[in-house]
Amino acid sequence: MAPIKLGFLIIFALAITTTSADDDDDQPLCSDFYEKSCPQALPTIKRVVEEALHQEKRIGASLLRLHFHDCFVHGCDASILLDSTPEFQSEKFAIPNNNSIRGFEVVDRIKWAVDEVCGAPVVSCADILAVAARDSVVGSWEVLLGRRDSTSAYIDEANRDIPPPFLDLPQLVTNFGNKGLDVNDLVVLSGGHTIGFSQCTSFRDHIYNDSNIDPGFRRQLQELCPQSGGDANLFPLDATPAVTDTNYFSNIIAEKGLLHSDQELFNSTETKHLVTFYSHNLEAFAKAFAISMVKMGNIMPLTGESGQIRHNCRVVN
């Protein structure tokens, strides 16, 4: 089944400017950054993402997760894509990422195709992640562009700042708040779990130790995820893992949230209200998701003369 179009409302972020790639340092992100330097950049990213989705529906969630895990560590600077060097250890080996984060080969294909159509490496890997995340959920919001790429990776920050699936609600609120994201952003961006799968290691504690879980759902999961072994076994984050819909929120109401952190969203009056509201309002969820994605994409970007445009997303120039 093809994914339902999530961002069918085009969301224009506030304070979009017409800054070009030739302006001074500290320039704001803008939607038309590559309009002159490479007008075919965004259509090319979209084409390669669509090809990847056709080959494997699961890759959409992986690309979305790559952007999220990138932005939560030292800002949206593509540091997550860097391989280890003698100077630093790759974020790919951080606890939240190791043997879990994926989609790097798709990013490589996008980078090659974009550089080919542009005639030079003018599009940053950080911008590729932001656009690919939008296209992976078949969204239509305007991605703000102009990020540049980090020249280092930050594994210690990755271990500290990427929210693990066992956080309780106050910890989640604090974690997102530290990145300038509010409670609505927390609920809406968690709704990205409407697509994709999770490994047994991420939900084992929830199904064996928590009480706020539907008994039948618990038994179903325990058959797939024993108390020992089967760590890499996969289970969908909701019943329609290839479709962008509101089932994720409905599952939480029914105490069928796969992760402890998912079900925690039903533990306060404010978040319970948001979960309930989005569970029966796809249009509102689509609009809010787009706004929160743009907001997340603005976390500490490198712009102007900061960082670089990597020739290979895996290594510093």
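The values are calculated or read from the model by the stated rules, or taken from the named source; none is laboratory data. Worth saying up front: this structure is predicted, and the values here are computed from it rather than measured. Note: ideal-geometry Cβ built from the backbone for every residue, glycine included; neighbour counts use all protein chains shown. Ligands, DNA and RNA are excluded from the accessible area calculation, which covers all protein heavy atoms including side chains. Shrake-Rupley method; radii C 1.70, N 1.55, O 1.52, S 1.80 Å.
Please work through the chain and write down the cysteines that have no neighbouring cysteine Cβ at a distance under 4.7 Å.
Cys30
Of all GluC sites (Glu not before Pro) in segment 73-114, which ones are in loop regions per DSSP and have a Cβ with at most 10 other Cβ atoms within 10 Å? Walk me through the intermediate numbers first.
Numbers: sites: Glu87, Glu91, Glu105; in loops: Glu87.
Loop-located and lightly packed - Glu87.
Please list, in chain and number order, the residues 5+ apart from Leu302 or on another chain whose amide H is under 5 Å from its amide H, with Hs placed from the backbone.
When sequence neighbours closer than 5 places are left aside, the close amide H contacts are Arg148.
Residues of the chain: accessible area per residue at 1.4 Å, in Å²? Working shown, then result.
Details: 13750 Å² over 317 residues.
That works out to 43 Å² for each residue.
Per the Cauchy relation, a quarter of the hull surface: what is the mean projected area of the convex hull of the alpha carbons in the chain, in nm²?
15.5
Would you please report the Å³ per residue occupied by the convex hull of the alpha carbon atoms in segment 74-216?
151
Report the label-to-label distance for Glu116 and Gln40 in nanometres (one decimal), using points 7 Å from each Cα along the Cα→Cβ vector.
That separation, rounded to one decimal, is 1.0 nm.
Extending each Cα 7 Å along its Cβ direction at His273 and Asn212, get the distance between those two points in nm, one decimal.
Placing both labels 7 Å along Cα→Cβ, they lie 1.7 nm apart.
When the chain is modelled as a GNM with alpha-carbon springs shorter than 10 Å, which of Ser37, Ser79, Ser261 fluctuates the most?
Result: Ser37 has the largest fluctuation of those listed.
I want the local charge near Met296. Using Cβ-Cβ distances under 11 Å, sum +1 for each Lys or Arg and -1 for each Asp or Glu among the other residues.
Numbers: positive: Lys179, Lys295; negative: Asp70, Asp185.
Computed value for this residue: 0.
Could you give the size of the charge dipole of the chain about its Cα centre, using +1 on the Cβ of each K and R and -1 on the Cβ of each D and E, expressed in debye and rounded to the nearest 20?
800
Rounded to the nearest 0.05, what FRET efficiency do Ser152 and Val243 have when you use their Cβ-Cβ distance and R0 = 51 Å?
Numbers: r = 38 Å, r/R0 = 0.74.
For R0 = 51 Å, the calculated efficiency reads 0.85.
Given 0.36 nm per residue, what is the gain on full extension from Ala232 to Ala254 after removing their alpha carbon distance, in nm?
Details: separation 22, 0.36 × 22 = 7.92 nm, distance 2.56 nm.
Length difference between fully extended and current span is 5.4 nm.
Please compute the contact order of segment 221-317 in relative form: average sequence separation of alpha-carbon pairs under 8 Å and at least six residues apart, divided by the residue count, as a percent.
That works out to 17 percent.
Could you tell me which of the pairs Lys36/Lys295; Lys46/Lys272; Lys92/Lys179 are separated by over 32 angstrom between their Cα atoms in the structure shown?
Lys46/Lys272
Taking amide H atoms as placed 1.01 Å from N in the peptide plane, list the residues 5 or more away in sequence, or in a different chain, whose amide H sits under 5 Å from that of Phe197.
Residues meeting the amide H criterion: Leu237.
Convert 37 °C to kelvin, take the viscosity as 0.692 mPa s, use the Kirkwood radius over C-alpha pairs of segment 34-94 as Rh, and evaluate the Stokes-Einstein diffusion coefficient in µm²/s, rounded to a whole number. Present the calculation step by step, with values, prior to reporting the outcome.
Details: Rh = 13.6 Å.
Taking Rh from Cα pairs, D becomes 242 µm²/s.
Return the ratio Rg/(2.2 N^0.38 Å) for segment 211-317, where Rg is computed over Cα atoms only.
Rg over 2.2 N^0.38 Å, computed on Cα atoms: 1.45.
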